[in-house]
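Engineer: There's a structure below that I have some questions on.
The values are calculated or read from the model by the stated rules, or taken from the named source; none is laboratory data. What you are looking at is a predicted structure, and each value in this text was computed from that prediction instead of being measured. Cβ coordinates were reconstructed from backbone atoms using ideal geometry, including for glycine residues, and neighbour counts include every protein chain displayed. Please note that ligands, DNA and RNA were not included when accessible areas were found on the heavy atoms of the full protein model with its side chains. Shrake-Rupley method; radii C 1.70, N 1.55, O 1.52, S 1.80 Å.
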Amino acid sequence: MNQLGKSQNPLNQINLQQIKDNYDRIINDVEECKIKNNIDYDINIMAVTKTVAPEIINFSIDCGIKLLGENRVQEFLSKKDEYKNADVHFIGGLQTNKVKYIVNDVSLIQSVDSERLAVEIDKQAKKNNKIMDILVEINLGEEISKGGILTKDTHEFIEKICNLDNLRVKGLMAIPPINAKEEIYFKMKQLSIDILAKKYDNVSMDFLSIGMSGDYLTAIKNGSNLIRIGSLLFGARNK
Ligand SMILES: *Cc1c(COP(=O)(O)O)cnc(C)c1O
């Protein structure tokens, strides 16, 4: 069966209304959280599109979503031509040999966690006459099973990649452990402050990408300005 055949959401009015309601609820909760915590900057709400059919994704764009998050190269390539206008970030594990397939279709790669990958992104960006924005993925919970740079190694990593001509570090991304304590979230904000203080060339901390369906309010409270929402918007995934 192909990707689209396996999408969980048959297109019907009930599902679409549910997505609209979900989106409105998320917007509402984000606004409330901003007020409660005196946050005056914008929070970017990303729709994470894995397993979701293009018609449904387009409906979310009609509802107001401006940013999509893709984490599977093959699936993205099979769906992207059907998308309405939206900014797309790549957020999944990325093999170096796949960079060339996505470099022209995404505006930012959030999941950069090795020098090899950064060098390849720089090379492919150069070939395509573009500058590729990236986030450094941090392994905040220091979990062996997960990708990402350890907090203690982040400065060294940024020093190594910040002089690549066609790559710009725009912030940090993380997937915290399930049920992580709030301190873990704040560790990323603190890390971003420490990085800015070093004034590395070409490095800004415009985006702190942390928080998913289950923890986005905790993440925003602790400094996140980009939340990545899948199941809370589109419904539970069955794969
Ligand atoms: C799937 C995914 C999300 C969204 O997860 P939900 O819990 O469904 O909101 C966010 N970030 C990454 C990297 C993902 O792979």
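Engineer: Would you say G230 is out of contact with any helix residue (DSSP H, G or I) (no Cβ under 8 Å at 6 or more places or on another chain), within 14 Å of the ligand (Cβ to nearest atom) and open to solvent by less than 20 Å² (accessible area, probe 1.4 Å)? Working first, answer last.
Structural biologist: On the way: out of contact with any helix residue (DSSP H, G or I) (no Cβ under 8 Å at 6 or more places or on another chain): yes; within 14 Å of the ligand (Cβ to nearest atom): yes; open to solvent by less than 20 Å² (accessible area, probe 1.4 Å): yes.
Considered against the rule, which asks whether it is out of contact with any helix residue (DSSP H, G or I) (no Cβ under 8 Å at 6 or more places or on another chain), within 14 Å of the ligand (Cβ to nearest atom) and open to solvent by less than 20 Å² (accessible area, probe 1.4 Å), G230 comes out as yes.
A quick yes/no check of all residues on (1) under 18 Å from the mean Cα position of the chain (by Cα); (2) assigned to a helix (DSSP H, G or I); (3) within 16 Å of the ligand (Cβ to nearest atom):
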residue	(1), (2), (3)
K50	yes, no, yes
I121	yes, yes, no
K126	no, yes, no
K130	no, no, no
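Engineer: Right, something else. Considering every residue within region 99-113, establish whether at least one is part of a strand (DSSP E or B), open to solvent by less than 20 Å² (accessible area, probe 1.4 Å) and of a type in the set (S, T, N, Q). Spell out the reasoning first.
Structural biologist: Of the residues in region 99-113, the ones part of a strand (DSSP E or B) are 108-112.
Those still in the list that are open to solvent by less than 20 Å² (accessible area, probe 1.4 Å) too: 108-112.
With of a type in the set (S, T, N, Q) added as a condition, the list becomes 110-111.
The answer is yes; a qualifying residue exists.
Engineer: Looking only at region 84-98, which residues are outside any loop (DSSP other than H, G, I, E, B), within 16 Å of the ligand (Cβ to nearest atom) and β-branched (V, I, T)?
Structural biologist: Within region 84-98, V88 is the sole residue that qualifies.
One line per residue, one yes/no per condition, for (1) in contact with a strand residue (DSSP E or B) (Cβ under 6 Å, 6 or more places away or on another chain); (2) open to solvent by 20 Å² or more (accessible area, probe 1.4 Å); (3) not hydrophobic (A, V, I, L, M, F, W, C):
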position: I43; (1), (2), (3): no, yes, no
position: A53; (1), (2), (3): no, no, no
position: S60; (1), (2), (3): yes, no, yes
position: S78; (1), (2), (3): no, yes, yes
position: Q124; (1), (2), (3): no, no, yes
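Engineer: Then there is this: R237 is checked against (1) of a type outside the set (F, W, Y); (2) crowded, with 22+ Cβ neighbours inside 10 Å; (3) within 12 Å of the ligand (Cβ to nearest atom) and fails just one. What number does that condition carry?
Structural biologist: R237 satisfies all of (1) of a type outside the set (F, W, Y); (2) crowded, with 22+ Cβ neighbours inside 10 Å; (3) within 12 Å of the ligand (Cβ to nearest atom) except (2).
Yes/no matrix, rows are residues, columns are (1) among the basic types (K, R); (2) within 15 Å of the ligand (Cβ to nearest atom); (3) farther than 15 Å from T154 by Cα:
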{"position": "R168", "(1), (2), (3)": "yes, no, yes"}
{"position": "M173", "(1), (2), (3)": "no, yes, no"}
{"position": "I178", "(1), (2), (3)": "no, yes, yes"}
{"position": "K187", "(1), (2), (3)": "yes, no, no"}
{"position": "I193", "(1), (2), (3)": "no, no, no"}
{"position": "V203", "(1), (2), (3)": "no, no, no"}
{"position": "G211", "(1), (2), (3)": "no, yes, yes"}
{"position": "G214", "(1), (2), (3)": "no, yes, yes"}
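Engineer: Still on this structure, I have one more. Filter region 216-227 down to the residues that are within 12 Å of P176 (Cβ to Cβ) and touching an Asp or Glu at 6+ places or on another chain (Cβ under 9 Å), then identify the one that is nearest to the ligand (Cβ to nearest atom).
Structural biologist: Within region 216-227, the subset within 12 Å of P176 (Cβ to Cβ) is 216, 218-219, 222, 224.
Pick out the ones that are also touching an Asp or Glu at 6+ places or on another chain (Cβ under 9 Å) and you get 216, 218, 222.
On the way: Y216: 8, T218: 13, N222: 17 Å.
Selected residue: Y216.
Engineer: Limited to region 139-176, what total is found for residues that are touching a residue at least 24 places away in the same chain (Cβ under 8 Å), assigned to a loop (DSSP other than H, G, I, E, B) and among the aliphatic types (A, V, I, L, M)? Write out each step before concluding.
Structural biologist: Taking region 139-176 as the starting set, the residues that turn out to be touching a residue at least 24 places away in the same chain (Cβ under 8 Å) are 139-141, 143, 146-149, 151, 154-155, 157-176.
The next check asks that each one be assigned to a loop (DSSP other than H, G, I, E, B); those that pass are 139-141, 143, 146-148, 162-166, 175-176.
Retained after the next criterion (residues that are among the aliphatic types (A, V, I, L, M)): 140, 164, 175.
Count: 3.
Engineer: Could you list, in sequence order, the residues of region 165-181 that are open to solvent by 30 Å² or more (accessible area, probe 1.4 Å) and modelled with pLDDT of 95 or more? Spell out how you get there, then give the answer.
Structural biologist: Filtering region 165-181 for residues open to solvent by 30 Å² or more (accessible area, probe 1.4 Å) gives 165, 168, 170, 175, 178-179, 181.
Hits for region 165-181 are D165, R168, K170, I175.
Engineer: Restricting attention to region 177-198, report how many residues are free of Cβ contacts under 8 Å to residues at least 40 places away in the same chain and β-branched (V, I, T).
Structural biologist: Looking only at that region, the number is 2.
Engineer: Taking region 184-225 on its own, how many of its residues are open to solvent by 10 Å² or more (accessible area, probe 1.4 Å), assigned to a loop (DSSP other than H, G, I, E, B) and of a type in the set (S, T, Y)?
Structural biologist: Number of matching residues: 2.
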